[in-house]
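Chemist: Would you mind keeping the following structure in view while I ask a few things?
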Amino acid sequence: MSVAQQSSVTFKIRVEPRGAEIHCREGQTVLDAILRSGLAVPYGCKHGNCSACKAKVLEGDYRLMDRVSEFALMGFERDDGYILMCSTLPESDLVVEVEEEDEEPGVQLFPVHDFAAVVRENLACTHDIHRIRLELTEPSDIPYAAGQFFEFAIPQSDEGRAYSVATRYRTGEPLEFHVKRVPGGRGSNYMCDLKPGDRVRGSGPYGKMQLRDRNKKLLFVAGGSGMAPIKGLIEELFAGPYEHEAWFFYGARKVRDLYLMDLWRELEQKQSNFHFIPALSERDPEDAWEGEEGYIADVVERHFERFDGMDAYLCGPPALIQTTLKVLYKGGLRSSNIFYDEF
């Protein structure tokens, strides 16, 4: 889990080819130790489902956690000493070969902190999405970039749960998260059942979902609670000067799944260069709705034939990401101009 286990046993990890040496506590993943040391390395989901943090162990003993997907790390790769750093626990000193992380323009690295916080508000925005505001108590402030995510410790679970922060950073302001309750989901049910005054623990910030370039047209696409990081990014965008056009396409199934509609309509009134386009994919016949209908990727394609000169930010279920990527690629947008976190 991301909140590192406290242990008196530590191992040394030498990170090649840069030669940096860091310390990793027993029960702490290789990735967690590296991120807390301030080194920049590639990573994505942090839970063994993608292959972004793949590395090779050159020396030492380790244990690969059971959560690692066979698709993210193939059997022959495991036999050759490859690991996913997010899901590898050292059992001795290690030498690990890690791909150098190129610096990305507009991306700022922030130190990862363990934190404690108290719940100030928990509002049900829809039948299954909760808007949760937390006040940090230890430390009292953690700098982060809009679009990044934090991980929360879940009782009776060895793994944390990741949720994107839904606000831009302002010193001393509460952190806001949008959590979708998943039937039988231990993490989401724990979060959605929190009451004002409850205390939580976690770590962060993580991720590279950050606003890169405000000097171009921007496209934002989200579905469900994926609105959270997009909300933070758009807040950040309009907190400063922005002279181009920005579009936010938001997909929901039914009218009952829409939330914060007034917020976006008010921003449209305030900012003439901001356009909010919600769409329903499974509208009930009795729903009063005169807006767009269909899957959000199809709605985006109906509005744009080309995406030249744009950047795109996506957040939502895997199906939304994959279908939207196809539309963007078809419209000429390169992968270097598309940003999203894999969960």
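Chemist: What FRET efficiency comes out for Ser336 versus Glu293 if R0 is 25 angstrom and r is the Cβ-Cβ distance? Round to the nearest 0.05.
Modeler: 0.20
Chemist: Accessible area, 1.4 Å probe, largest first: how do Thr171, Thr29 sort?
Modeler: Correct descending sequence by accessible area is Thr171, Thr29.
Chemist: Next question. Given a 1.4 Å probe and every protein chain left where it sits, what share in percent of the accessible area of the chain is carbon and sulfur?
Modeler: About 46 percent, which is the carbon plus sulfur part of the accessible surface.
Chemist: For the pair Glu305 and Glu266, what calculated FRET efficiency results from E = 1/(1 + (r/R0)^6), where r is the Cβ-Cβ distance and R0 = 25 Å, to the nearest 0.05?
Modeler: For Glu266 and Glu305, the calculated efficiency is 0.25.
Chemist: Next question. So in the chain, what percent of DSSP beta bridges are antiparallel if you round to the nearest 5?
Modeler: Looking only at bridges with both residues in the chain, the antiparallel portion is about 60 percent.
Chemist: Once you put a point 7 Å from the Cα of Tyr329 and another 7 Å from the Cα of Glu243, both along the Cβ direction, what distance in nm separates them?
Modeler: So the label points at Tyr329 and Glu243 sit 3.5 nm apart.
Chemist: For Glu97 and Gln156, calculate 0.36 nm times their separation in residues minus their Cα-Cα distance, and state this gained length in nm to one decimal.
Modeler: Full extension from Glu97 to Gln156 adds 17.9 nm.
Chemist: For the stretch 1-97, what class follows from the C-alpha gyration tensor (a ≥ b ≥ c being the square roots of its eigenvalues): rounded when a/c is under 1.5, otherwise prolate if a/b is larger than b/c, else oblate?
Modeler: Here the stretch 1-97 falls in the rounded category.
Chemist: Something else about it: Just going by the charge dipole of the stretch 77-177, with Lys and Arg at +1 and Asp and Glu at -1 on Cβ, which of Ala145, Val112, Val96 is farthest out on the positive end?
Modeler: The Cα lying farthest towards the positive end belongs to Ala145.
Chemist: OK, next. Express in nm, to one decimal, how much length is gained between Leu39 and Gln322 on full extension, taking 0.36 nm for each residue of separation and deducting their alpha carbon distance.
Modeler: Full-extension gain reported as 98.9 nm.
Chemist: Report the calculated FRET efficiency for Asp79 and Gln108 (r = Cβ-Cβ distance, R0 = 45 Å), to the nearest 0.05.
Modeler: For R0 = 45 Å, the calculated efficiency reads 0.75.
Chemist: Lys12: which aspartates and glutamates have alpha carbons under 20 Å from its alpha carbon, excluding same-chain residues fewer than 8 sequence positions away?
Modeler: Filter leaves Glu21, Glu26, Asp32, Glu59, Asp61, Glu91, Asp93, Glu97, Glu99, Glu100.
Chemist: Give the aspartates and glutamates reachable from Lys195 as a straight Cα distance under 15 Å; neighbours fewer than 8 places away on the same chain don't count.
Modeler: Glu121, Glu135, Glu176
Chemist: Let me ask another. Could you order the peptides 156-163, 281-288 from most to least packed, using the average number of other C-beta atoms within 10 Å per residue?
Modeler: In decreasing order of mean packing, 156-163, 281-288 become 156-163, 281-288.
Chemist: I would also like to ask the following. Considering only Cα-Cα distances, which of the following residue pairs are longer than 22 Å: Lys216/Lys270; Lys217/Lys326; Lys231/Lys330; Lys180/Lys330?
Modeler: In this structure, Lys231/Lys330; Lys180/Lys330 lie more than 22 Å apart at Cα.
Chemist: Could you calculate the contour length gain from Ser140 to Val182, that is, 0.36 nm times the residue separation minus the distance between their Cα atoms, to one decimal place in nm?
Modeler: Taking 0.36 nm per residue and subtracting the Cα distance, the gain is 12.1 nm.
Chemist: Here's a follow-up. When ligands, DNA and RNA are left out and all protein chains stay put, how many square angstrom of accessible area per residue does the stretch 132-285 have with a 1.4 Å probe?
Modeler: I get 42 Å² per residue for this part.
The values are calculated or read from the model by the stated rules, or taken from the named source; none is laboratory data. Just so we're clear, the structure is a prediction, and the values are computed from it rather than from any experiment. Cβ atoms come from the backbone with ideal geometry, glycine included; neighbour counts cover every protein chain shown. Note: areas computed on protein heavy atoms with side chains; ligands, DNA, RNA excluded. Shrake-Rupley method; radii C 1.70, N 1.55, O 1.52, S 1.80 Å.
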